[in-house]
Structure formats: C-alpha cells, structure tokens
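What follows draws every value from the coordinates through simple rules; no lab data is involved. Only a predicted model underlies this, so the values are computations on that prediction, with no experimental measurement involved. With ideal geometry, Cβ positions are generated from the backbone for all residues, glycine too; neighbour counts draw on all protein chains shown.
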C-alpha cells in the first residue's frame, strides 16, 4: 500500500540545482526501508552519512553529471523537495537515475520529473535500470519512451542477494 499524500497530486513539478539543504531530505528518503527494497541497487550501507556526503560532493562537482532536485510547488507556492534525478556516465552509455520520496509515490510525479530531466538533457541514447520486479519504476521509464533492451544479473545491496535487473534504452 502506498502512503497517502493527496497533496502530491496537486504539485507542479520542476527541476532545480541541488542545494545543501536538500541533502538531509535525500538522506532520509534513501534510508526508507520500503524504498530501499524496491530500488534494490543501492549503496552498501545507506545509513553511512560520510559515504552519503562524499557521494553527493563528488556528483555535484562532476561536470559530466547533470543532477537536479525534483521540487513540487503547492497551489500557494510552497516548495516541497520530492526527490532527485540525474544523468551520468560517458557518451553513448549515459544513464538516468531518480529517487522520489515514498510519500510521493503513486501520483505521477516520477514520470513528470523524468520527462523534465529528458527535456533538460538531449543526449541519446540514454539508459535506465531497475530491479526487474520494480514494475513501477519500469513503467515510469516506459511512459517516457524507454524500451527494454536486456536483462542482467547483479548484486542488490539492499536485498543482500543477486537479482535480475531490467535495462531500458531511450533513443529518441
């Protein structure tokens, strides 16, 4: 069952540069047990604050990484940090990634955020990955034009086992 947050459906989504104040929200979101299990492929120890801080420092300083905070604005203009989205990797192998806080699941925000990221980054092809049983994330990518390329096996830190990962590709 998804958490209920009726205000999420009314949020206007946009992307902006990551601010220092966003990081505590990201840390909390990436330590949600349900979200970790769904994402599967996570940091070895998501609760390691130093590793988290080092990771974010590195990606924010890498000119090849396009990383944005996904924000929603309520009808009265209040900004809500919904999650983050990024494109990383070498040309012709670039990948998308996103993380939406569980309190915002089920309202189409991930799809809107990914579409905004794709508008921002014209590079193609782009790849996206998800645990093969993460049908919600796969569906988000499919709604944005990604198609299944292949499946791979990989070790999922959050689950402590090797699982199947779906690799999707966007060409246009």
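Some notes on this structure:
- Radius of gyration over Kirkwood radius for region 7-85, both on Cα atoms: the Rg/Rh ratio is 0.99.
- At 0.890 mPa s and 25 °C, Stokes D of region 6-170 from Kirkwood alpha-carbon radius, µm² per second: 151
- Potential lengthening between residue 147 and residue 167 on full extension [0.36 nm per residue; Cα-Cα distance subtracted]: 6.4 nm
- Largest GNM mean-square fluctuation across 132, 33, 110, computed for the chain with C-alpha springs under 10 Å, falls on 33.
- Full-extension gain in nm, residue 116 to residue 28, via 0.36 nm per residue minus C-alpha separation: 29.3 nm
- For the chain, the mean residue ellipticity at 222 nm estimated from helices alone is -8000 deg cm²/dmol, where every DSSP H run of n ≥ 4 contributes -39500 (n - 2.57) and the total is divided by all residues, rounded to the nearest 500.
- Residue separation of residue 50 and residue 92 scaled by 0.36 nm, minus their Cα-Cα distance, works out to 12.0 nm of gained length.
- Spacing of the two label points (7 Å from each Cα toward its C-beta) at residue 64 and residue 155, in nm: 2.4
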